[in-house]
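The values are calculated or read from the model by the stated rules, or taken from the named source; none is laboratory data. In this text, all values refer to a predicted model and were calculated from it rather than measured experimentally. FYI the Cβ positions are ideal-geometry reconstructions off the backbone, even for glycines, and counts take in every protein chain you see.
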Amino acid sequence: MHVDRRWLARVLTVAAALLPALCGAQETYPARPVRFIVPFPAATPPDLLARIASQKLTESWGTPVIVEVRDGAGGTIGVNQVVRSAPDGYTLLFTNDIPIVIAPAVSKTAYDPRKDLAPIGAVAQGVSVLVVHPSLGVASISELIAVARTRPGALTFASSGQASTSHMCAELIKRAAGIDLLGVPYKGAAPAIQAVLTGDVSMYCSPAFQALPHIKSGKLKALGTTGTRPSSVIPDVMPISAQGLPDVLASNWYAAFAHSNTPTAILDKIRDSKRRESGLNKCMGDRAARLMASSTQRTS
């Protein structure tokens, strides 16, 4: 086949001119707004933490970082959106462990988190706190168990959805204490805690991040936390495991992810690589951010 050498030379010249610009594209990241996809409703802990991160990254990068809520199907809808997005670092995922660990284990998801997502970093790890409406008239786990045994099936617990941390927490209590509680699933943590605030349900295993202001105001009574030791946020509340139910342990984490094919250079900038000090880890380590997220325990 005949090839026009002059034509080929022109093509190579143009390619040579474009190559530095293409290679430099990753170095200028982010050149346009970045999106954090949150797969849970607004005002839930993942959403609140994502907004802290987006604010700090916007200040650090000088480029808008926008939070978009894409909730539904236990968080899998939002994850699917990130997996189907271009692997350029402009569509990121900010979530808890439910659609990453639990959903793929209990149902068939359209994505494989091990293959389709690249971890950017764990931002926080938090325990839950079992809260009840004051009208229930109990002040400890032992008192709750006593009431539940005299009224089998009458006490109800809210959850933020099937197989959520709040659901599993209540099921652990049921099994460990040998009591009968009726579960009422809600579409997210916000309606779940609202249900216990109004007295529509008896109790809820809430993220401490969410329940703290209601505990301080006296609108909810905290009976126990789900860690192995008292929380630094509510140190006066003993762990459930130290109140006669040693197997009731539960926690969740919050983390950011990108498409698995995202260039390493971009992932490094977001992760706060050793060469930079403006990434996600630094912004969430900021004192103001930690104060706003005071009821979560930052991971290293």
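Scan segment 137-145 and tell me whether some residue there is part of a helix (DSSP H, G or I), within 14 Å of LEU181 (Cβ to Cβ) and out of contact with any strand residue (DSSP E or B) (no Cβ under 7 Å at 6 or more places or on another chain). Write out each step before concluding.
Filtering segment 137-145 down to residues part of a helix (DSSP H, G or I) leaves 141-145.
Okay, now just the ones that are also within 14 Å of LEU181 (Cβ to Cβ), so 141, 144-145.
Restricting the remaining residues to those that are out of contact with any strand residue (DSSP E or B) (no Cβ under 7 Å at 6 or more places or on another chain) gives 145.
Checking segment 137-145: at least one residue is part of a helix (DSSP H, G or I), within 14 Å of LEU181 (Cβ to Cβ) and out of contact with any strand residue (DSSP E or B) (no Cβ under 7 Å at 6 or more places or on another chain).
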(Q) Need a quick list: strands (runs of 3 or more DSSP E) entirely within segment 27-115 having at least 2 residues that are under 22 Å from GLY188 (Cα atoms) and out of contact with any Asp or Glu (no Cβ under 8 Å at 6 or more places or on another chain). (A) 65-69, 91-96
Q.
I need every pair where a residue in segment 218-230 that is of a type in the set (Val, Ile, Thr) has its Cβ under 6 Å from the Cβ of a residue that is at pLDDT 95 or above and part of a strand (DSSP E or B), sequence separation at least 6 or different chains.
A. THR225/VAL129; THR225/PRO239
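Take the residues of segment 162-176 that are of a type in the set (Gly, Ala, Ser) and surrounded by fewer than 20 Cβ atoms within 10 Å (Cβ to Cβ): which is nearest to the chain's Cα centre (by Cα)?
Looking at residues that are of a type in the set (Gly, Ala, Ser) and surrounded by fewer than 20 Cβ atoms within 10 Å (Cβ to Cβ), I get ALA163.
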Q: Just give me the residues in segment 225-276 being surrounded by 18 or more Cβ atoms within 10 Å (Cβ to Cβ), among the β-branched types (Val, Ile, Thr) and either part of a loop (DSSP other than H, G, I, E, B) or assigned by TED's automatic domain parsing to the domain that holds HIS214 (or both), in sequence order.
A: THR225, THR226, VAL233, ILE234, VAL237, ILE240, VAL248, THR262
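Within segment 24-63, restricting attention to residues that are β-branched (Val, Ile, Thr) and more than 24 Å from VAL83 (Cβ to Cβ), which residue is nearest to the chain's Cα centre (by Cα)?
Narrowing segment 24-63 to residues β-branched (Val, Ile, Thr): 28, 34, 37-38, 44, 52, 58, 63.
Narrowing the set further to residues that are more than 24 Å from VAL83 (Cβ to Cβ) leaves 28, 52, 58.
On the way: THR28: 28, ILE52: 12, THR58: 20 Å.
So the residue we want is ILE52.
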(Q) Suppose we filter VAL123, VAL131, VAL127, VAL147 for residues that are among the aliphatic types (A, V, I, L, M), touching a helix residue (DSSP H, G or I) at 6+ places or on another chain (Cβ under 8 Å) and without any contact (Cβ under 8 Å) to a residue 24 or more places away in the chain; which single one remains? (A) VAL147
**Q.** Lone unmet requirement of (1) crowded, with 19+ Cβ neighbours inside 10 Å; (2) within 14 Å of the chain's Cα centre (by Cα); (3) not aromatic (Phe, Trp, Tyr) for GLN125
**A.** (1)
Q: List the number of the failed condition for GLN194; all other conditions in (1) touching a residue at least 12 places away in the same chain (Cβ under 8 Å); (2) closer than 30 Å to GLY72 by Cβ; (3) in contact with a Phe, Trp or Tyr (Cβ under 9 Å, 6 or more places away or on another chain) hold.
A: (1)
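A quick yes/no check of all residues on (1) at pLDDT 90 or above; (2) closer than 22 Å to LYS56 by Cβ:
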{"residue": "GLY188", "(1), (2)": "no, no"}
{"residue": "PRO191", "(1), (2)": "yes, no"}
{"residue": "PRO207", "(1), (2)": "no, yes"}
{"residue": "TRP253", "(1), (2)": "no, yes"}
